[in-house]
1. Applying the selection to segment 1-55, what residues are free of Cβ contacts under 8 Å to residues at least 40 places away in the same chain and of a type in the set (S, T, N, Q)?
2. Spot the failing condition for GLY43; the list is (1) modelled with pLDDT under 90; (2) small (Gly, Ala, Ser); (3) surrounded by fewer than 12 Cβ atoms within 10 Å (Cβ to Cβ), and only one is missed.
3. Consider segment 56-88. How many of its residues are out of contact with any Lys or Arg (no Cβ under 8 Å at 6 or more places or on another chain), within 24 Å of THR2 (Cα to Cα) and modelled with pLDDT of 70 or more?
4. Taking only segment 1-40 into account, find how many residues are among the polar types (S, T, N, Q), in a loop (DSSP other than H, G, I, E, B) and surrounded by 12 or more Cβ atoms within 10 Å (Cβ to Cβ).
Amino acid sequence: MTLSNVDWGAAENILELQRLVVTVDTWPLFSGPIEVLNLEVEGLNLNVERNPETQRHSWSFRDKPKPVPGPVVPPRKKFELPRSTRPT
């Protein structure tokens with residue numbers, strides 16, 4: 001398995017992997033957090049880089065860098081419709 005690197009990266013692929021085996025508990029797939037019982041990796045080659053000019057990372061898959069946090073927006077008030085009542 002391979003995953004191509006960013007266009008400015010030195011290596012052709014960011015990830016090269018010959019074999020991956022993952023064993024999970026099947027019941028939590030339906031009910032809650034997935035539990036990995038076993039993980040086997042063979043032939044892993046991982047090429048992670050940071051571009052010194054833009055400070056972007058090769059493992060970040062966003063088109064743009066994270067925006068600088070601005071002011072905190074207060075939460076919206078919960079909107080509820082009044083319940084209709086039937087005449088008795």
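1. As a first pass, look at segment 1-55 and keep what is free of Cβ contacts under 8 Å to residues at least 40 places away in the same chain: 1-4, 7, 10-13, 15-46, 48, 50, 52-55.
The answer is THR2, SER4, ASN13, GLN18, THR23, THR26, SER31, ASN38, ASN45, THR54, GLN55.
2. Checking GLY43 against (1) modelled with pLDDT under 90; (2) small (Gly, Ala, Ser); (3) surrounded by fewer than 12 Cβ atoms within 10 Å (Cβ to Cβ), the one that fails is (1).
3. The initial filter retains those residues of segment 56-88 that are out of contact with any Lys or Arg (no Cβ under 8 Å at 6 or more places or on another chain), namely 59-64, 66-88.
This time we only want the ones that are within 24 Å of THR2 (Cα to Cα), so: 59-64.
Imposing the further condition that a residue be modelled with pLDDT of 70 or more reduces the set to 59-60.
Here the count works out to 2.
4. Going residue by residue through segment 1-40, those that are among the polar types (S, T, N, Q) are 2, 4-5, 13, 18, 23, 26, 31, 38.
In the following step, the residues that additionally are in a loop (DSSP other than H, G, I, E, B) were identified as 5, 18, 26.
Those left that are additionally surrounded by 12 or more Cβ atoms within 10 Å (Cβ to Cβ): 5.
Residues that pass the stated criteria total 1.
The values are calculated or read from the model by the stated rules, or taken from the named source; none is laboratory data. Remember, predicted model here, so these are calculated numbers, not experimental data. So basically every Cβ, Gly included, is an ideal-geometry build from the backbone, and we count neighbours across all protein chains shown.
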